[in-house]
Each structure stands twice: as C-alpha cells, then as structure tokens.
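Peer 1: Mind looking over this structure? Questions follow.
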Amino acid sequence: MTGFLYDNLNVYLFVGLFLLCCGIFGLVYRRTLIAMLISIELIMNGAGLNFVAFNRFVSPEGPEGMVFTLFIMGIAAAETAIALAVIILIFKRFKHIEGSEIEEMKE
Amino acid sequence: MTETIVNNIADVIGWETIRTVVGLVGVLVVVVVNALVLTWAERKVSAHMQRRIGPKEVGPFGLLQPIADTVKLLAKELLTPQNVEKPLYYLAPVIVFIPVLVSFVVIPFDARLQVKDINVGVLVILAFSSLSVLSILLAGLGSNNKYSLIGSVRSIAQNIAYEIPLLLSLLSVVLMANSLSLRDIVEAQKGVWYVFSQPIAFLIFFIASVAETNRTPFDLPEAESELVAGFHTEYSGMRFALFFLAEYTNVFIVCAMTTTFFLGGYQGPILPGIIWFFAKTYLLVFVILWFRWTFPRVRFDQLLNFSWKLLIPLSFLNLIVTGGLLKL
Amino acid sequence: MMNPGNLVFIFMVCVTMVGALVTVVSGSVIYAMLGLVTTMFGIAGLYIYLNAPFLAMMQILIYVGAIAILIAFAIMLAGPFYKRPKEWTTSGKLVASLVVSLVSFFVFFKLVMRVSWGEGGGVFAVTTKEIGRALFDRYALPFELISLLIVVSIIGATMLALLSKGEK
C-alpha cells in the first residue's frame, strides 16, 4: 500500500461493499421481521459510508456527500419508526413475527 | 536524566500520544478521587440536612468512610444469578462508563488543561450521553427479571424524554458562542457569563441533566420503595459498585458541563483557573445533593409530562428567541 | 507503516466488519442489535478518518442514540428471546442467501473497485460550517422535505398505536 492505509479510497469502498453484502445476506436469511429491518439498516449504513468516502477522495470541494449522508440518516430514522410500529401491530395480531408465516389478511 | 528518557520515548511515539496518555491518566485520577469525595459528601450532607451527624467513626469527620465502603464492596462475593443472559449481564456495567470517560476528554479544566479540544466537542458530549441509555437497556434485558425490565423501560423513557431539552438548551448557547468547541464557548464568556444572558436555558439544562443522571426528584427508576431497585436489581458487589461509581461520576460530569456552558468554566479573578473550575462544579454538586432531601419524588407520568409538555416547548421558544435576537 | 493512526484504522475496519457478521449470523435478535450498534460505532470511527467529525458524532447521536434504542424497544415489546425454531430453518435458505450475497459481492467488486475514480481537484474544504451553510442554502428544499417526512412518520406511528389501543 502506498502511504497510510486510510488514504486509500478502495478500503472504504470495500467496507461499504462488505456491509451491503452482509445486509443482503441478512435480509434473505433471517426469518424475524425485526432482524430483516436491522439488515436494511446495515445496507443504509454502507451506502452512507460510500457517499462520504467519495466526497473526501473524488470531489472534495463541496459537502454534497456528507449532506446526503445526513439525509440518509433522517430517512432511516423515519422509516424505522413506521416499520417498527407496523411490526408491533403484526405481533399483536399474529402473536409471532416470522416473515413467511404471516399469510392471511384480516378475515 | 528523566528528560532524556522522555525525549527518547517521544521520538518513538510522538508528543501527542504522550500528552493523550498523561491526560487519560489524569482523568482516571479525577474520576476515582471524585467518587470517593462524593460518597463521603453525600452521606455527610444528607446527614446534616436530617439533623444527624453521619459517619464519624472512620477517620476524622468520617473521611475514610468511602475507603471502608470500597473494601466492603470489593470483598463481597461476585454472585451471578442463574438464568441471566451472560454477555448482556457482564457488558452493562462496562458500557455505563464509556460516555462518562469520553465526556471527560473534552472538558476544559483550565486554559491549557484539556485532554483534547475537539472542534465538535458539544456534539461529543451529547452523542455519548445518549449512549448511556444503551447500558440501561442491556442491564434490564440481561437480568431475566420482570422488575429489571420494567425499571429499565421506565428509565429509558425518562432518559430519552429529557435528552431533547438538554440538546435544545445547549443549542442556544452554541448559537451565542458561534462554535461547537468547548474551549471557544468558555472563551466567549469573557464578558458576561451565559447564566445571566440565558437564564431559561440554564434552568432547563440543569433540570434536564439532573433527570438524565437519575437523581432525585427524578429517581423513580431506582427508588428503594418502588421497583425493588430498578434495572440494577440483580447486580451485587463489585458490579453494583460500578453502577454507582458511574452515577456519581455522571453527577460530576453534568455539573462540570453546566459550569463550562453557563458559569464561565475556569474564569475567575485571582486564583488559578482550575481552582475556580472545581469550586463552581462542586457548588453545583452540592446543589444536586441538596435536591435529594428537599423535593419529593416525581411520579412517572408527571415526570414525562413535565418534559414533553413543558420543557421542550420552552426550550424551543428559547432557541427561537435567541436566534431572533442574535440576528437583529 | 505501523504507526498509531494506521493501527486504530485497522481496528475500526475490523470492528465494522465483525459487527456486520455478528448482526446477520447470530441466533437471537438481541445479539443482532448489539452487532448493529458495534457496526455503527465502527462506521463512526471511519467517518473520523474521512475528515467528517460532525458526521461521526451525528452517526452516534442518531443511529446509536435513537434508532438502536427504538429497535430495542420494539424487541422488548415483540418477544425478546425469540430464537428461530429448528424446524423452520432449512439449509436451502442458507444456500440461497449465500449465493445471492456472494454473487452481488463479486459483481459490485468488479464494477466498483477495478475502476480508477480519479483524484478530485481542490483542497478538502468541508467544515461543519460548510455543511450547515449548504443545508440551509442549496439543499434547503430536501431538508424541509425530510423534516416533513419525519413529522408524517411521527403522526403515522402515533395513529398506529392508537389504532391498536382502540381495538381493545
């Protein structure tokens, strides 16, 4: 590696990619709805890391990447709140939160 | 002779690292000494307020009492209840210290005595105070005990309710000082302290931080007569001592922050800055200890109503008025 | 090469990746949430290395201080120690998820990391003041829209909670 390890764009891109793939793996593998939501949070974190890394290395003049990462944080918060409200309602109705066993609509 | 050794070490790891290490050791010393002082002071102050004397056997004025307490707690058996979730149970007393230690890093004790002046220092303190909620969560979940769970849920609700007025009142101070770094905020109070130009923010900040540290009158989650002992029911001996150490250190941090943001930090006429800093901080600590035996405990719904319905609109109003007056 | 800055950076990267692995592999949802918190801390450390201290503290404040606590509350309300029953976990799902994630990993690896993105011109001049100015100047409209979104989600979540209470 030339110079320090943290002056390299590829390391940050690799970490972001790793987070994305862990998130996709978790989304498909886990059965509980809340665990799927946690995997989605992982994916969004990886995307934010990508944005800030590109801001620092490729276009350092303006704060666009960082501003967008702040937007991602805000949207993630709003979406998590709604999703958890829905999940708690599902738990009250079905008494469990296995994603593949929730099939019937209200009769 | 020591100079050459120090210079040799500095050539290997750099002066910044040495300064950071020395600063961290100093912080640990302050934490331990403060815990001892506060344990003694709490018992003496509460005793005198109840017209009794308090500890007077161990050492002159009972000054060695905290050491006796520490020895007793250390000698207790480390009892782990049977069905606890072990990782969460062991992790909670450790995590409760991290926000406190990190907050110590940014506090300016004197004009040149600050471990590191981070340029987003206010945010560091706020971010890590929201981290202490996580340790309450782990303690409640890991204890496998209904009372712990209810106590921790109540404590978390109280903590997140009072975080918001804390943040907003600090924002008014940041607006006035035009910077997020703690050194700049102290320096900006050279003319008039912020307690005089922002009295409402001072009151809101002080009340909200007393609620954050779970002290009376907001100590429903750990009251002795309510839920056994709230979220640290299942902890005994050294782990319990860690929770209480963290609470006393939290009280010190909160008073240190109030001093820094509102009372001018280390500024004062004749004595060196650090003496003024500790004097102001311990004055506020005395006020917090005074609260405990003056006010009755607030009921839980009154507690949450007070935050959501009174403190948050008031701090929003304060922020708007501050912003408006600054720009005109 | 092995100076403190590099060592701490490698530690942060390891914390992030190990946290992500723990999140997706662990047995119960509580450990998944703890893994998520660890990952968020690691990412905050990486933001500091990317000259974004404001963003690092915001990451801890928003993600760890609010979202992780929210998820933990939902876990406490929806059954905390809920482990996957054995008969519902098939090995087919494991193979399928591994295939999906590995294929996407290799595709994106080829796409993203074999390209030279070019060095940007100009000095890095983004401070907290810059971010604030940009948020209120050029990006004021998305900022307001996101606050509207958050208000809508608050109202929605409160309505959902009242709905369930009205059923009883």
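The values are calculated or read from the model by the stated rules, or taken from the named source; none is laboratory data. Since the model is a prediction, treat every value here as computed from it, not as a measurement. Cβ sites come from the backbone with ideal geometry, for glycine too, and all protein chains shown count toward neighbours.
Peer 1: Which one of B:Val32, B:Val45 is surrounded by fewer than 14 Cβ atoms within 10 Å (Cβ to Cβ) and either among the hydrophobic types (A, V, I, L, M, F, W, C) or within 24 Å of B:Leu101 (Cβ to Cβ) (or both)?
Peer 2: Among B:Val32, B:Val45, only B:Val32 is surrounded by fewer than 14 Cβ atoms within 10 Å (Cβ to Cβ) and either among the hydrophobic types (A, V, I, L, M, F, W, C) or within 24 Å of B:Leu101 (Cβ to Cβ) (or both).
Peer 1: Condition test on B:Leu171, is it in the same structural domain as B:Phe243 (by TED's automatic domain parsing) and touching a Phe, Trp or Tyr at 6+ places or on another chain (Cβ under 8 Å)? Explain how you work it out, then say what you get.
Peer 2: Details: in the same structural domain as B:Phe243 (by TED's automatic domain parsing): yes; touching a Phe, Trp or Tyr at 6+ places or on another chain (Cβ under 8 Å): no.
No: the conditions fail for B:Leu171.
Peer 1: What is the residue count in the range B:19-38 for residues that are hydroxyl-bearing (Ser, Thr, Tyr) and modelled with pLDDT of 85 or more?
Peer 2: Number satisfying all stated conditions: 0.
Peer 1: Still on this structure, please answer the following. Given the criterion farther than 27 Å from B:Lys327 by Cβ, buried (at least 18 other Cβ atoms within 10 Å of the Cβ) and touching an Asp or Glu at 6+ places or on another chain (Cβ under 9 Å), identify the matching residue among B:Val133, B:Val100.
Peer 2: Selected residue: B:Val133, the only one of B:Val133, B:Val100 that is farther than 27 Å from B:Lys327 by Cβ, buried (at least 18 other Cβ atoms within 10 Å of the Cβ) and touching an Asp or Glu at 6+ places or on another chain (Cβ under 9 Å).
Peer 1: Mind checking which residues of the range B:189-223 are touching a Lys or Arg at 6+ places or on another chain (Cβ under 7 Å) and either assigned to a loop (DSSP other than H, G, I, E, B) or buried (at least 23 other Cβ atoms within 10 Å of the Cβ) (or both)?
Peer 2: B:Arg215, B:Thr216, B:Pro217, B:Asp219, B:Pro221, B:Ala223
Peer 1: Are any residues in the range B:236-280 at positive phi and not in a loop (DSSP other than H, G, I, E, B), and if so, which ones?
Peer 2: Correct list: empty.
Peer 1: From the list B:Leu91, B:Leu79, B:Leu64, pick out the single residue that is surrounded by 14 or more Cβ atoms within 10 Å (Cβ to Cβ), more than 14 Å from chain C (Cβ to nearest Cβ) and among the aliphatic types (A, V, I, L, M).
Peer 2: Exactly one of B:Leu91, B:Leu79, B:Leu64 is surrounded by 14 or more Cβ atoms within 10 Å (Cβ to Cβ), more than 14 Å from chain C (Cβ to nearest Cβ) and among the aliphatic types (A, V, I, L, M), namely B:Leu64.
Peer 1: Here are C:Val29, C:Val15, C:Val25, C:Val8: which of them is β-branched (Val, Ile, Thr) and within 7 Å of another protein chain (Cβ to nearest Cβ)?
Peer 2: On the way: C:Val15 fails: within 7 Å of another protein chain (Cβ to nearest Cβ); C:Val25 fails: within 7 Å of another protein chain (Cβ to nearest Cβ); C:Val8 fails: within 7 Å of another protein chain (Cβ to nearest Cβ).
Residue meeting the stated conditions: C:Val29.
Peer 1: Right, another one. Run down B:Val186, B:Val173 and say which single residue is among the hydrophobic types (A, V, I, L, M, F, W, C), touching a Ser or Thr at 6+ places or on another chain (Cβ under 7 Å) and closer than 25 Å to B:Thr322 by Cβ.
Peer 2: That would be B:Val186, the only listed residue that is among the hydrophobic types (A, V, I, L, M, F, W, C), touching a Ser or Thr at 6+ places or on another chain (Cβ under 7 Å) and closer than 25 Å to B:Thr322 by Cβ.
Peer 1: When only residues in the range A:75-103 that are among the aliphatic types (A, V, I, L, M) and more than 7 Å from every other protein chain (Cβ to nearest Cβ) count, which is nearest to C:Leu148 (Cα to Cα)? Give the derivation first.
Peer 2: Filtering the range A:75-103 down to residues among the aliphatic types (A, V, I, L, M) leaves A:75-78, A:81-90, A:97, A:102.
Next cut, more than 7 Å from every other protein chain (Cβ to nearest Cβ) only: A:83, A:90, A:102.
Numbers: A:Ala83: 17, A:Ile90: 26, A:Ile102: 32 Å.
Result: A:Ala83.
Peer 1: Given the condition in contact (Cβ under 8 Å) with a residue 24 or more places away in the chain, touching a strand residue (DSSP E or B) at 6+ places or on another chain (Cβ under 7 Å), of a type outside the set (Lys, Arg) and surrounded by 21 or more Cβ atoms within 10 Å (Cβ to Cβ), answer yes or no: does some residue in the range C:14-23 qualify?
Peer 2: The answer is no, given that none of the residues of the range C:14-23 is in contact (Cβ under 8 Å) with a residue 24 or more places away in the chain, touching a strand residue (DSSP E or B) at 6+ places or on another chain (Cβ under 7 Å), of a type outside the set (Lys, Arg) and surrounded by 21 or more Cβ atoms within 10 Å (Cβ to Cβ).
Peer 1: Restricting to the range A:21-36, name every residue that is within 7 Å of chain C (Cβ to nearest Cβ) and among the hydrophobic types (A, V, I, L, M, F, W, C).
Peer 2: Scanning the range A:21-36 gives A:Cys21, A:Cys22, A:Ile24, A:Phe25, A:Val28, A:Ile34, A:Ala35.
Peer 1: Can I ask one more? Could you list all residues from the range A:61-74 that are touching a residue at least 24 places away in the same chain (Cβ under 8 Å) and at the interface with chain C (Cβ under 7 Å from one of its Cβ atoms)?
Peer 2: Filtering the range A:61-74 down to residues touching a residue at least 24 places away in the same chain (Cβ under 8 Å) leaves A:72-73.
Passing the criteria: only A:Met73.
Peer 1: Another one. Given the range A:9-107, what helices (runs of 4 or more DSSP H) lie entirely inside it while holding 3 or more residues that are buried (at least 19 other Cβ atoms within 10 Å of the Cβ) and of a type in the set (Asp, Glu)?
Peer 2: Where helices (runs of 4 or more DSSP H) fall fully within the range A:9-107, none carries at least 3 residues being buried (at least 19 other Cβ atoms within 10 Å of the Cβ) and of a type in the set (Asp, Glu).
Peer 1: Here's another thing I want to ask about it. Name the one entry in B:Leu101, B:Leu74, B:Leu36, B:Leu138 that is assigned to a helix (DSSP H, G or I) and within 14 Å of chain C (Cβ to nearest Cβ).
Peer 2: One residue alone meets the criteria, B:Leu138.
Peer 1: Look at B:Pro108 and say whether it is assigned by TED's automatic domain parsing to the domain that holds B:Tyr248 and modelled with pLDDT of 85 or more.
Peer 2: yes
Peer 1: Which count do you get for residues in the range B:281-309 that are buried (at least 16 other Cβ atoms within 10 Å of the Cβ) and either assigned by TED's automatic domain parsing to the domain that holds B:Ala35 or not in a helix (DSSP H, G or I) (or both)?
Peer 2: So the answer is 2.
Peer 1: In this structure, does B:Gly26 turn out to be surrounded by 13 or more Cβ atoms within 10 Å (Cβ to Cβ) and free of Cβ contacts under 8 Å to residues at least 12 places away in the same chain? Let's see the steps before the verdict.
Peer 2: On the way: surrounded by 13 or more Cβ atoms within 10 Å (Cβ to Cβ): yes; free of Cβ contacts under 8 Å to residues at least 12 places away in the same chain: no.
When the stated conditions are applied, B:Gly26 does not pass them.
Peer 1: Check B:Val120, B:Val94 and return the single one that is out of contact with any strand residue (DSSP E or B) (no Cβ under 7 Å at 6 or more places or on another chain) and modelled with pLDDT under 85.
Peer 2: Only one candidate qualifies: B:Val94.
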